[in-house]
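**Q** For reference, the structure I am asking about is given below.
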Amino acid sequence: MSNIIDLRSDTVTLPSPNMRRAMNDADVGDDVYGEDPTVNRLQALAAEISGHEAALFVASGTQSNLIALLCHCQRGDEYIVGQEAHTYKYEAGGAAVLGSIQPQPLRTKLDGSLDLGLVERTIKPDDIHFARTTLLTLENTTAGVVVPQDYIDEARLFCRDHQLRFHLDGARVCNAAVAQDISLDTITQCFDSVSICLSKGLGAPVGSVLCGDKEMIEQALRWRKMLGGGMRQAGILAAAGIYALEHNIDRLKDDHDNLQALVAGLSSIDEISIEEGEANTNIAFINIPDRDDGALQIFAENQGIKMSNGTRIRLVTHLDITPTQIEKVIETFKSYYSE
Ligand SMILES: *Cc1c(COP(=O)(O)O)cnc(C)c1O
C-alpha cells in the first residue's frame, strides 16, 4: 500500500494483491460474442444482488447512466433529475448530445430527495408543445448522503401512478445499504434500472454494472456497442468486479467509521466548520477560512496527505485509508492550526 493518504476521492483506490490475483487467474473469452465466462459471472452476480433480472458490465458510471437514459427515453423525451446530480451536471450533457433527451433539473433537498409535489407539477401534459416526461432519476448516496428509504418507497409508487420510469444512479448505493444496515436489493429493487460503480469504494480499477429487466438489458447491449463499449476479453476486468462485490461491500462500514473519526477529530479545530448532516457515509465537506486555501493543502501534501483545493474541501475515505492514517490527518490539521 502506498504511503500517500489520498482523501480526494474513493476512485483513487488501487487493486489489492488478491484482486490482482483474481484478475490474473480469470477465464476469458470474446465478450462481444457473449463468450467471456467471467463477464457473464459478474453480470449474473450483479443481477442477483440487485434483485434485477439481468445486468450489463460497462466501462464507467457515465456510460452506464447514459445507456440507461437511452433505454428509457426516446428522442424528444425528458427526464427529471436533481440540479446537482451526476447524470445531469457531470456527464458532459451526454443524454442531450447523444440521445436528444432533454433534462429537466430540479432543486434537490439536503437528503438527496426531490420534492414529489414539485416533480408532479413539473411533469409536462401530453401536448405537442412539450417534451414527453418519461423518467425520474435519483442518486444514492448523493454527496455522501443516504437518501431516506421511506422516500424511495414513496417515489416508486409516485412513478408507478404517473407512468414514469425510475432510474437510480447508484454509483455509491452499496455505501447507502451498508450505512442503513439493509440489503442492497431493498434499495435497488425499487427502481426500473440501477447503475452501480465497481471502481469507487468497492475498489475495482474499472467498470460499472447496469441492472434492469431482460428486455432493457438487451437494448442496453446494443447501445453499449454503439457507444464503443463492446469489449473483448473483458473478464480480466470483470474478475476485479466480482472480487469487489464479494469482498468489499461489508467492509464499507470501515470507511464510514473512519470518516466519523475524521470528522470528530476535526470538529475540535475552531477554524474548520464541518457541514452538518453530510457525513453519514464516506464523504464529508469541510469549510476552511479563505486565507488557508492552498496553504493548508501544501502543508498537508508535505505530510503525504492529498486534498482538493478550495475553501470547501470534500474529504473521502476508502479502502486504502487506515485508522492510523486518519489519526495522522487529524494531527496534521491540528499542527497546521497551532502554528
Ligand atoms: C463517479 C460517479 C458516477 C460515474 O462516474 P465515472 O467516472 O464515469 O465512473 C456517476 N454518478 C455518481 C454519483 C458518481 O459519483
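**Q** Within the stretch 3-35, can you find the residues that are hydroxyl-bearing (Ser, Thr, Tyr), within 25 Å of His256 (Cβ to Cβ) and more than 16 Å from the ligand (Cβ to nearest atom)?
**A** So in the stretch 3-35, the residues hydroxyl-bearing (Ser, Thr, Tyr) come out as 9, 11, 13, 16, 33.
Now restrict to residues that are within 25 Å of His256 (Cβ to Cβ): 9, 11, 13, 16.
Correct list: Ser16 only.
**Q** Just to be sure I understand, how many residues within the stretch 51-77 are within 14 Å of the ligand (Cβ to nearest atom) and either in a helix (DSSP H, G or I) or of a type outside the set (A, V, I, L, M, F, W, C) (or both)?
**A** 10
**Q** Still on this structure: Please go through the stretch 1-40 and pick out each residue that is touching a helix residue (DSSP H, G or I) at 6+ places or on another chain (Cβ under 6 Å), crowded, with 17+ Cβ neighbours inside 10 Å and of a type in the set (D, E, K, R).
**A** Asp31, Asp36
**Q** Looking only at residues that are open to solvent by 10 Å² or more (accessible area, probe 1.4 Å) and touching a Phe, Trp or Tyr at 6+ places or on another chain (Cβ under 9 Å) in the stretch 139-157, which one is modelled with the lowest pLDDT?
**A** Top of the filtered list is Ala143.
**Q** Could you give every pair whose Cβ atoms fall below 6 Å, whose first residue belongs to the stretch 4-31 and is more than 30 Å from Lys328 (Cα to Cα) and of a type outside the set (Ser, Thr, Tyr), and whose second residue is part of a loop (DSSP other than H, G, I, E, B) and within 16 Å of the ligand (Cβ to nearest atom), counting only separations of at least 6 or pairs across chains?
**A** Asp31/Met231; Asp31/Ala234
**Q** Something else now. Go over the candidates Ile321, Ile313 one by one and state the one that is out of contact with any Gly (no Cβ under 7 Å at 6 or more places or on another chain) and buried (at least 22 other Cβ atoms within 10 Å of the Cβ).
**A** Only one candidate qualifies: Ile321.
**Q** Would you call Glu331 at pLDDT below 95 and surrounded by fewer than 19 Cβ atoms within 10 Å (Cβ to Cβ)?
**A** Numbers: at pLDDT below 95: no; surrounded by fewer than 19 Cβ atoms within 10 Å (Cβ to Cβ): yes.
It is false that Glu331 is at pLDDT below 95 and surrounded by fewer than 19 Cβ atoms within 10 Å (Cβ to Cβ).
**Q** Out of all the residues in the stretch 79-89, is one or more farther than 30 Å from Ala22 by Cβ, surrounded by fewer than 15 Cβ atoms within 10 Å (Cβ to Cβ) and within 14 Å of the ligand (Cβ to nearest atom)?
**A** yes
**Q** From the list Met231, Met226, which one is more than 14 Å from the ligand (Cβ to nearest atom), buried (at least 20 other Cβ atoms within 10 Å of the Cβ) and within 16 Å of Asp31 (Cα to Cα)? Give the steps one after another, and end with the answer.
**A** Numbers: Met226 fails: buried (at least 20 other Cβ atoms within 10 Å of the Cβ).
Exactly one residue qualifies, and that residue is Met231.
**Q** Inspect the stretch 93-107 for any residue being hydroxyl-bearing (Ser, Thr, Tyr), at pLDDT 95 or above, closer than 19 Å to Tyr79 by Cα and open to solvent by less than 50 Å² (accessible area, probe 1.4 Å) and give the result as yes or no.
**A** Initially, the stretch 93-107 is screened for residues hydroxyl-bearing (Ser, Thr, Tyr), giving 100.
From what is left, the residues that are at pLDDT 95 or above are 100.
From what is left, the residues that are closer than 19 Å to Tyr79 by Cα are 100.
Applying the additional criterion that residues be open to solvent by less than 50 Å² (accessible area, probe 1.4 Å) yields none.
No, the conditions are met nowhere in the stretch 93-107.
**Q** Return the pairs, sorted by first residue and then second, in which the second residue is part of a helix (DSSP H, G or I) and within 10 Å of the ligand (Cβ to nearest atom), the first residue lies in the stretch 86-99 and is closer than 15 Å to Thr133 by Cβ, the beta carbons are less than 7 Å apart, and the residues are 6+ apart or on different chains.
**A** From the stretch 86-99, the pairs are Ala95/Leu66.
**Q** Would you be able to tell me the number of residues in the stretch 286-313 that are touching a strand residue (DSSP E or B) at 6+ places or on another chain (Cβ under 7 Å) and modelled with pLDDT of 95 or more?
**A** Counting residues in the stretch 286-313 that are touching a strand residue (DSSP E or B) at 6+ places or on another chain (Cβ under 7 Å) and modelled with pLDDT of 95 or more gives 10.
**Q** Quick one: in the stretch 56-69, of everything that is of a type outside the set (Ser, Thr, Tyr) and open to solvent by less than 10 Å² (accessible area, probe 1.4 Å), which residue is nearest to Cys211 (Cα to Cα)?
**A** Applying the first criterion (of a type outside the set (Ser, Thr, Tyr)) to the stretch 56-69 yields 56-59, 61, 63, 65-69.
Retained after the next criterion (residues that are open to solvent by less than 10 Å² (accessible area, probe 1.4 Å)): 56-58, 65, 67-69.
Values: Leu56: 7, Phe57: 9, Val58: 11, Asn65: 11, Ile67: 11, Ala68: 9, Leu69: 13 Å.
Top of the filtered list is Leu56.
The values are calculated or read from the model by the stated rules, or taken from the named source; none is laboratory data. For clarity, every value in this text was computed on a predicted model and none was experimentally measured. Every residue, glycine as well, gets a Cβ built from its backbone with ideal geometry; the counts of neighbours run over all protein chains shown. Ligands, DNA and RNA are excluded from the accessible area calculation, which covers all protein heavy atoms including side chains. Shrake-Rupley method; radii C 1.70, N 1.55, O 1.52, S 1.80 Å.
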